[in-house]
Amino acid sequence: MQRILIDTDPGVDDALALLLALKSPELKIEAITTVSGNVHVEQATQNLLRILGLLDLSEFPMIAQGEAQPLVKLLVMAEHVHGEDGLGNISELSNHDGCPRYPLADCNISTISGVDLILELVNRYPNELVIVALGPLTNISRAIQKDPECMQQLQSIVLMGGVFREYGNVTTTAEFNVFVDPHAAHEVFSSGIPIHTVPLDVTHQVVLTGKRLNAETEEYDDRLSNFLRESTQTCMEFYRENVGFYGLHIHDALPIGILTHPHLFESVNAYVQVETEGNLTSGMTVADLRGVHSISKPNAQICLKVNADSFLKLFFQRILN
C-alpha cells in the first residue's frame, strides 16, 4: 500500500480525484493539505470537509490548511469555472428539513500549517511518502524552502500541471495550476525530487460528458451520486459555452490513476523548465519531448498518453462501488 499526502485546492475535478483516492485500496492517505487555487484556501478547506462528508469513513486523514497566497504573484482563482464555492455552488443546497444537503465531515483540522504537516510526514515516513499535488505548488515549494534536506526524503511528487504540446487552459501557453504560482512550480521542478507530471496534453484525452455521467449514475439515489450530478453542472455549463461540449475534463483524477494503475499510462523523461516572468508566457512549461539527446539531465517524467476508455471505466467502478 502506497502512503500518500494529497495537496489540493478543491475544485470539482479535485473532488473527483479525492473520491477516487479514498476509494482506492492501493493507497493510504496519510494527510490532506489545502492551498489557494481554484478557490481561496479557507473555502478549499471547507470544500475538503464537504467531500469527506460524502463517505462513511471510520477514520479521517490528517488535515491542515496551507498557503493563502502564491509566492510572488497575486492570487488568481477559478470560480467562474467551478462556481462561487468551488463545488458548483452545492454548499447552498438544503434538504426539506432545512439541513445542508452536503454537510461538513466532523473531523479535526490540524493546528499546524499545511507546510509543517508536509514536513512532519516526510520525516515520519522517509523515502516512503508520495505527495500527490492537485493544485498550485505553493505549499510544496514553501516546504522545500523551509527544510530542503527533509524534502529530499520524499519518494516522489506526482502532480497535475503544465502543458507542452497543446494550448493552455488559462492563457494560450499556461495550465492553471502552474500559472497561479509559476515561481513555486519552478522551485519544485528544480528541487531534484523525483517528479511525475500529468499535463493537459493527457488530461484532455479523458472526456467525461454529462450524458456518460447521467448514464453511470441514473440507477443511484444516494448522497454521493447526487453530489456527482449536482457538483459538476456549473463546470459542465462552462465547458459547453467555452470548450464546445457538455461535460468536463477530470484533470486531477489522473495522478491518482497513475499510482493505482500505471499500465494505463505512457510517459517520457524530460527536462522541464517553467517561465516565471514573461508577459505572454508566465506559467508556461517548456520541455523537449522529441526523444533526442538533451544537454540537461531529465528532472521529470511527463505523462503523454492514457487509455481513456479504461480509465473512465475504472473511475466509475471505484467511485460508485
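The values are calculated or read from the model by the stated rules, or taken from the named source; none is laboratory data. Model, not experiment: these values are computed from the prediction. Reconstructed Cβ throughout: ideal geometry from the backbone, glycine too, with neighbour counts over all protein chains shown.
Quick notes on this one:
- Ile258 meets the conditions (1) touching a helix residue (DSSP H, G or I) at 6+ places or on another chain (Cβ under 6 Å); (2) β-branched (Val, Ile, Thr); (3) farther than 30 Å from Pro100 by Cβ; (4) in a helix (DSSP H, G or I) in every case but one. The failed one is (1).
- Residue that is surrounded by the fewest Cβ atoms within 10 Å (Cβ to Cβ), among those in segment 166-182 that are in contact with a strand residue (DSSP E or B) (Cβ under 8 Å, 6 or more places away or on another chain) and farther than 17 Å from Val243 by Cα: Pro182
- Restricting the first member to segment 73-84 and to residues that are touching a residue at least 24 places away in the same chain (Cβ under 8 Å), and the second to residues that are among the aromatic types (Phe, Trp, Tyr), the beta-carbon pairs closer than 6 Å and six or more apart or on different chains are Val81/Phe238.
- Identity of the residue in segment 113-144, within 25 Å of Ile250 (Cβ to Cβ) and small (Gly, Ala, Ser), that ends up surrounded by the fewest Cβ atoms within 10 Å (Cβ to Cβ): Gly114
- Candidates are the residues of segment 79-97 that are in contact with a helix residue (DSSP H, G or I) (Cβ under 8 Å, 6 or more places away or on another chain) and not small (Gly, Ala, Ser); the one that is modelled with the lowest pLDDT is Leu93.
- Taking segment 267-289 as the range and being part of a strand (DSSP E or B), aliphatic (A, V, I, L, M) and buried (at least 18 other Cβ atoms within 10 Å of the Cβ) as the test, the residues that pass are Ala270, Val274, Met284.
- Selection from segment 260-277 of residues that are among the aliphatic types (A, V, I, L, M) and in contact with a His (Cβ under 9 Å, 6 or more places away or on another chain): Val274
- Positions within segment 183-195 being surrounded by fewer than 24 Cβ atoms within 10 Å (Cβ to Cβ) and within 15 Å of Leu75 (Cα to Cα), in sequence order: His183
- Within segment 8-31, being touching a Pro at 6+ places or on another chain (Cβ under 9 Å), of a type in the set (Asp, Glu) and buried (at least 24 other Cβ atoms within 10 Å of the Cβ) holds for one residue alone: Asp9.
- For segment 32-83, a residue qualifies if it is of a type in the set (A, V, I, L, M), surrounded by 24 or more Cβ atoms within 10 Å (Cβ to Cβ) and part of a loop (DSSP other than H, G, I, E, B), and the qualifying residues are Val35, Val39.
- Checked across segment 1-17, the condition of being touching an Asp or Glu at 6+ places or on another chain (Cβ under 6 Å), in a strand (DSSP E or B) and of a type in the set (Lys, Arg) holds for at least one residue.
- Per-region count, segment 205-223, residues within 23 Å of the chain's Cα centre (by Cα), surrounded by fewer than 17 Cβ atoms within 10 Å (Cβ to Cβ) and not polar (S, T, N, Q): 3
- Residue within segment 258-266 that is closer than 22 Å to Ala215 by Cβ and of a type in the set (A, V, I, L, M) present: yes
- Residues located in segment 18-30, provided they are farther than 16 Å from Phe227 by Cα and either part of a helix (DSSP H, G or I) or of a type in the set (Val, Ile, Thr) (or both): Ala21, Ile29
- Of the helices (runs of 4 or more DSSP H) contained entirely in segment 165-233, those carrying at least 3 residues that are among the charged types (D, E, K, R) fall at 210-217, 223-231.
- Enumeration of residues in segment 263-321 that are among the acidic types (Asp, Glu) and free of Cβ contacts under 8 Å to residues at least 60 places away in the same chain: Glu266, Glu277, Asp288, Asp309
- Matching residues in segment 234-255 - criterion: being surrounded by fewer than 20 Cβ atoms within 10 Å (Cβ to Cβ) and part of a loop (DSSP other than H, G, I, E, B): Val243, Gly244, Phe245, Tyr246
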